[in-house]
Structure formats: C-alpha cells, structure tokens
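Heads up: the structure comes next, in structure tokens.
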Amino acid sequence: MTVARWLVVLCGIAIAVAGALVIAGQAGSGAQPWDSELSDNFIFVKAIPFVLGLGVAVGLLRGRGAPPLRRPDGTVRRFTTGTVLGHWLITIGFVLALPTGMWQYLGGILDVRAPIDLFLFYRVHYIGGAIVLFSVAMFVTSWWLSGDRSLLPPRGAWRTHLVGAAQELPRAVGARVARLLRLDLGERVPPPQRFTYYETGLSFPTWAIALTLITVTGVIKAMRYVVPVPGPILYWSSTLHVAAMVLIVIKVLDHLRYTLPRWPMMVAIVKGWVSEAGIRGVLTPSVPPSALGERPVAGAEAPGAPTRASAITGSDR
Amino acid sequence: MKRLAGALAIVWALANLVVAYLFLTNAFVAKTAIKEGPLAQAALLLGGLLVAVFAVLVAREGLALVRGTSRADA
C-alpha cells in the first residue's frame, strides 16, 4: 500500500472518530429539546457521511487483496479475511435492520403497538442500517480498487450467464425465465469461472439493485430531518424503501436456499479456506452436464480471464 | 455444524412464514384497502406469496441438513 493511501485511510478514520465524538457530545449534552426518537433520527443522519467515509477508508485499507494461496492439504483460499469479516458484518446489519424495519411497516399496517417503545425499534434499525451502509461503502471501494469483477458477467457475456443461470433453475421456472428474457435454454455454455452462473447472472445483480435501492431511499428518508425533501420524493422513497426491504427479505431466503445444500460455499464464507475438490464440485454441476461445453460461447469469457484453477483460488473478493 | 446451520435456517424460515402470513392476510382486509389502497394490497399479496414460497424452500433445505439427507451430505 502506498504512503498516500495510508494517509487517506488514517485521515478517514480520524475524521470518523472525531465525527462520532462530536455527535455523541451533542446528543449527550442535555441541551437538545428532542425526544428519544427524534434525537436518534438526528444522530443517524449526522452519522451517515462519517459511516460512509469510514467504509471507504476501510475499503482502501483492504486494497488489492492477497495473492491466491493453496495449502498442502488440498484447501484453497477462496475469500480473504476481510471479505469473510465484511460478509459477517453485513449479515449482522441485516439481522438488526430487517426485523425492526419489518415491524415498523407491519405495525402500521396492523395498527398494533409492541410492548417495547417504538424508538427502540428505530434505534436498532438505524444501527443495522449504519452497518449496512458501512459494508456497502467498504465492499464497493475494495472491488473498485482491486478491479475484481468476478461477481459480474464480463462485458458482452450477459446472455451466456443468464442462459447458465436459467439452466440451473428448476425446469419449469427456468423455462419461464428463458421465455421472458428470450433465452435459448439449449445453448451450450462453458464451465462457470469463480462463481456459478446463478450467482453472476441473477443473484449478485439483484443484490446490487436491492442494496442500491435501500441505501439511496434510506438516505433520502433520513435526510428529511436536516434538509427539506419534497413530499412526492419522500413518498416514493418510503414506498421503494419498503419494496427494497421485502426484496432483501426474499434475497436472504434465496441466498440460504441456494448455499445451504452447496456446503463448500458455506465453509468458504465462514473460514475463507475450502477444499478445492469441494468447491470445484459445487461450481461444475451448477449447470446440467448437457449444457456444459468446451466450446466457449462468444463473449463468455473476458480477454485474459484467469484459468479455472486460479479463478477458484482467487482471493481478492 | 451442518445440523446447527439447518436448525437456524428452519427458525429463520418460520419467522419469515409468520411475516408472509401477516402480509397475505392483511392484503385482503378492508382496513388496508382504505388506508393503503389497492396497489399496496397487491404488493402485500405478491410479497407475501414470494416470501412464503422461499421460506418453505429454506425450511426444506434446513430440515434436510438436520436429518442428514441434504445434498450437502452426499
């Protein structure tokens, strides 16, 4: 890591710490006239720039990742420690933010009150939201710096990845998806690279959409306490925030449905290291053998794409 | 570890089934129609159905892990 980047990282962390101290000082001064809920709203909106900045600083710290490694016992490093910790962190963020957000929404629909004060739901929701914001900023910065695009189809290869993803789905569902997207399910696709076609063609892009939506709408909703937000924008932000929340609830379930029976994926994201044979076994049968062809479909792989072996051991994610 | 993960997945799936139930039942009550409108009712219905379907799939995978009959055990 260059000296300049270290300086940026240290400045980012120092600014975040200073910001936290000032915000805590203001909130704890006893001079604020607001109730607990409004006070939390102000703390959250004031903390957002610092949380995002800290995420970028930590993303810079992660830098370009570590070189691929293989142990003599046949295990390979699939994810760096930073990625494993980041995945846990965003998981904790969801576990805090989703149930509390769901309660805020359903409480309004059902017109019921919990025995716990509502501001506590908001408080936990803001903590979870701040963790998600930090994680998103950290991962985006880290991927931008490393140039790693392995979770996305290469340029010109979207069609192949969508075909591969549709082939992984149950036949009836896959056929509907193929009809909708005008895909040829009989097309032969090359073996997947670092991630399965389902992950690159469907799962990660929808994660990106859902996270972008919930982040942008959440920030707009929070901003209304410090800047005037026009009514229609606030209305649509609230509506789309709820829609994104439901989409993320579904995405979490789909993620679990997909990874639980592919156990090496679970091992890899917990330990970072995984049996090479195990992860190969998960990647290769992700599309039916009849659909796996050695002949690459046009644009399936980016020029200079890593070989499959090195791709599996790739660790800069 | 697989059994623990399976058990946690079942708990998560059950919690989501409760959410799906609340979504689905409230899609059809007059109060929602008056307060939120038909678009919100449709969204509750669609969201509830999707959450229910995926929750059942997760519960099935969790159960298979607990029983040791998952593809992960093969």
> Taking the Cα atoms only, what angle lies between the long axis of helix B:2-26 and the longest principal axis of chain B, rounded to 10 degrees?
Replying inline: 10 degrees
>> Output needed: percent of Cα pairs per 5 Å distance bin for segment A:1-146, bins running from 0 to the one holding the longest distance.
In response: 2, 9, 14, 16, 16, 14, 11, 8, 5, 3, 2, 1, 0
>> Under 10 Å, Cα contacts only: if you run a Gaussian network model on chain A, which one of A:Ala277, A:Ala114, A:Ala208 comes out with the highest mean-square fluctuation?
In response: A:Ala114
> Given a 1.4 Å probe, how much area per residue of segment A:4-91 is accessible, in Å²?
Replying inline: 55 Å²
> Mind checking which helices in chain A clear 27 Å along their axis (Cα) and have mean Kyte-Doolittle hydropathy of 1.6 or more, DSSP H runs only?
Replying inline: A:3-27
> GNM, chain A, Cα, under 10 Å: largest mean-square fluctuation among A:Ala31, A:Ala16, A:Ala166?
Replying inline: A:Ala31
>> Distance between the C-alpha centers of segment B:1-26 and segment A:112-180? Whole Å please.
In response: 20 Å
>> Just to verify a number: FRET efficiency for A:Phe119 and B:Val29, C-beta to C-beta distance, R0 = 41 Å, to 0.05?
In response: 0.90
> So for segment A:138-189, Kirkwood radius off the Cα pairs, Stokes-Einstein at 25 °C and 0.890 mPa s: how many µm² s⁻¹?
Replying inline: 198 µm²/s
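Estimate for me the total accessible surface buried between chains A and B (protein heavy atoms, probe 1.4 Å, no ligands or nucleic acids), in Å² to the nearest 100.
The contact between B and A buries close to 2200 Å².
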> For chain A, what's the relative contact order in percent, using C-alpha pairs closer than 8 Å and at least 6 residues apart?
Replying inline: 28 percent
>> Please compute, over every Cα-Cα pair in segment B:2-67, the percentage with a separation greater than 20 angstrom.
In response: 37 percent
>> Among B:Leu63, B:Ala30, B:Val19, which residue has its Cα furthest toward the positive end of the charge dipole of segment B:2-67, with +1 on Lys/Arg Cβ and -1 on Asp/Glu Cβ?
In response: B:Leu63
> Extension gain A:Ala4-A:Thr284, at 0.36 nm per residue separation less the Cα-Cα distance, in nm?
Replying inline: 96.6 nm
> How many nm is it between the label spots at A:Val95 and A:Ala14, if each spot is 7 Å from the Cα in line with the beta carbon?
Replying inline: 3.6 nm
>> Compute the orientation-averaged projected area for the protein assembly as shown from the convex hull of its Cα atoms and round it to one decimal in nm².
In response: 22.5 nm²
> Expressed as a whole percentage, what fraction of the accessible surface of the protein assembly as shown belongs to carbon and sulfur atoms when a 1.4 Å probe is rolled over the protein heavy atoms?
Replying inline: 70 percent
>> Per residue, how large is the accessible surface of chain B? Use a 1.4 angstrom probe and give square angstrom.
In response: 58 Å²
> For helix B:38-67, what angle does its Cα long axis make with the longest principal axis of chain B, in degrees from 0 to 90 and rounded to 10?
Replying inline: 10 degrees
> Okay, helix-only estimate at 222 nm for the protein assembly as shown: each DSSP H run of n ≥ 4 adds -39500 (n - 2.57), divide by all residues, round to 500 deg cm²/dmol; what do you get?
Replying inline: -23000 deg cm²/dmol
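The values are calculated or read from the model by the stated rules, or taken from the named source; none is laboratory data. Given the structure is predicted, the values throughout are model-derived calculations rather than measurements. When we count neighbours, we look across all protein chains shown, and the Cβ atoms used for this are built from the backbone with ideal geometry, even at glycine. Keep in mind that these areas ignore ligands, DNA and RNA; they rest on the heavy atoms of the full protein, side chains included. Shrake-Rupley method; radii C 1.70, N 1.55, O 1.52, S 1.80 Å.
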